[in-house]
Amino acid sequence: MEPQNHNIVAHPEDEQPTVEVRSAIADTFAGRVHVEWDATAPVTPFGQLPFFIDYLKQAGLFDAWVADCPLSFTSPNAPGKRDLLGTVMLSVLAGHRRYAHITALRCDPVNPPLLGMRKVLSEDSVRRGLAKIHEAKGLPWLQNHLDYCTTPLLGEPWVLDMDSTVKTLYGHQEGAEVGYNPHKPGRPSHVYHTYMLSNLKLVLRVDVLPGDQHNVAHATDRAAKRTDAATSGQRAGLWTLLDHLGTARHPACCAATSRGASSG
């Protein structure tokens with residue numbers, strides 16, 4: 001009996017779908033890293049961080065932001081400014097809304113070293129560290145770095161978008177008042193008055209007001225303008241922003257919108 005020869009296919013066609021893998025190089029504070037991803041897989045909130053960190057390094061934005069921070073620790077056991085501010089930034093980029101969410105970052109062994117951080121701080125360390133930044137120094141520090149990113153764009157005609165967002169609060173927080181609060185009627189809240197470069201959605205300034213001042217008219221009230229350095233960031237409103245920008249960078253027109261409540 002003659003043996004029968006069969007052509008056996010080890011991997012039949014279409015048995016395993018083809019996976020399209022893409023790769024790129026990102027230059028981070030931990031050196032150059034090779035990033036690969038599956039183009040068909042769902043996007044994760046942390047997947048694009050190496051490329052954003054590359055941008056921060058090449059532009060010198062993160063190093064300058066950390067160096068100018070008006071915060072100093074005297075204890076040898078205190079955390080470094082880079083670890084503190086890096087933890088805050090990673091938390092914000094991950095979409096966190098509360099300090100307690102920072103705990104989720106402590107399981108990430110990849111992205112913190114890419115920022116040049118030694119470790120991710122706990123939520124209590126972040127609270128204590130930020131509390132040491134005095135408002136009179138902290139607000140100019142943040143505003144100066146916002147200006148560095150946005151001022152070169154304001155030489156062309158542009159539209160100012162004014163947005164007010166109600167933030168529901170839990171517990172006792174300074175400046176909270178009962179006002180318009182669609183998600184939690186009767187609860188005290190804060191209101192974020194945000195001034196943005198329309199279309200590009202670049203933030204120029206954010207004022208935090210009590211919950212009973214949710215209307216955009218409160219941000220445009222000239223009577224709310226204050227001159228003392230300690231409080232100018234909280235109640236300055238639109239007019240101080242325009243004075244800060246200078247006549248040559250004033251917007252061509254303004255647009256106002258209001259949003260519902262957000263929790264925090």
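The values are calculated or read from the model by the stated rules, or taken from the named source; none is laboratory data. From a predicted model like this one, the values you see are computed outputs, not experimental measurements. Cβ atoms come from the backbone with ideal geometry, glycine included; neighbour counts cover every protein chain shown.
Please work out if PRO42 is more than 21 Å from VAL206 (Cβ to Cβ) and either part of a loop (DSSP other than H, G, I, E, B) or acidic (Asp, Glu) (or both). Outline the logic, then answer.
Values: more than 21 Å from VAL206 (Cβ to Cβ): yes; either part of a loop (DSSP other than H, G, I, E, B) or acidic (Asp, Glu) (or both): yes.
Judged against the criteria, PRO42 is a match.
Need the failing condition index for LEU241 against (1) of a type in the set (A, V, I, L, M); (2) loosely packed, with under 15 Cβ neighbours inside 10 Å; (3) assigned to a helix (DSSP H, G or I); (4) modelled with pLDDT of 85 or more, just the number.
Result: LEU241 passes all but (2).
Filter the stretch 178-192 down to residues that are farther than 13 Å from ASN215 by Cα and surrounded by 15 or more Cβ atoms within 10 Å (Cβ to Cβ), then give me how many there are.
Residues meeting the conditions: 3.
Go through the stretch 17-43 residue by residue and tally those that are at pLDDT 75 or above, over 20 Å from LYS57 (Cβ atoms) and of a type in the set (Ser, Thr, Tyr).
1
Name the residue that is surrounded by the fewest Cβ atoms within 10 Å (Cβ to Cβ), counting only residues in the stretch 193-216 that are part of a loop (DSSP other than H, G, I, E, B) and of a type in the set (D, E, K, R).
LYS201
Give the number of residues within the stretch 23-58 that are over 17 Å from the mean Cα position of the chain (by Cα) and under 22 Å from HIS145 (Cβ atoms).
Looking only at that region, the number is 4.
Does ALA230 satisfy the criteria of being in the same structural domain as VAL159 (by TED's automatic domain parsing), under 16 Å from LEU142 (Cβ atoms), modelled with pLDDT under 70 and of a type outside the set (Asp, Glu)?
Taking the combined requirement at face value, the residue satisfies it.
Are any residues in the stretch 100-122 under 21 Å from TRP65 (Cβ atoms) and either without any contact (Cβ under 8 Å) to a residue 24 or more places away in the chain or of a type in the set (D, E, K, R) (or both), and if so, which ones?
Result: LEU105, ASP108, ARG118, LYS119.
Just wondering, is there one or more residues in the stretch 152-159 that are crowded, with 16+ Cβ neighbours inside 10 Å, farther than 28 Å from ALA30 by Cα and touching a helix residue (DSSP H, G or I) at 6+ places or on another chain (Cβ under 6 Å)?
Yes, the conditions are met somewhere in the stretch 152-159.
Working only within the stretch 79-124, note down all residues that are farther than 17 Å from ASP54 by Cα, over 18 Å from the mean Cα position of the chain (by Cα) and surrounded by 17 or more Cβ atoms within 10 Å (Cβ to Cβ).
Residue satisfying the conditions is PRO79 alone.
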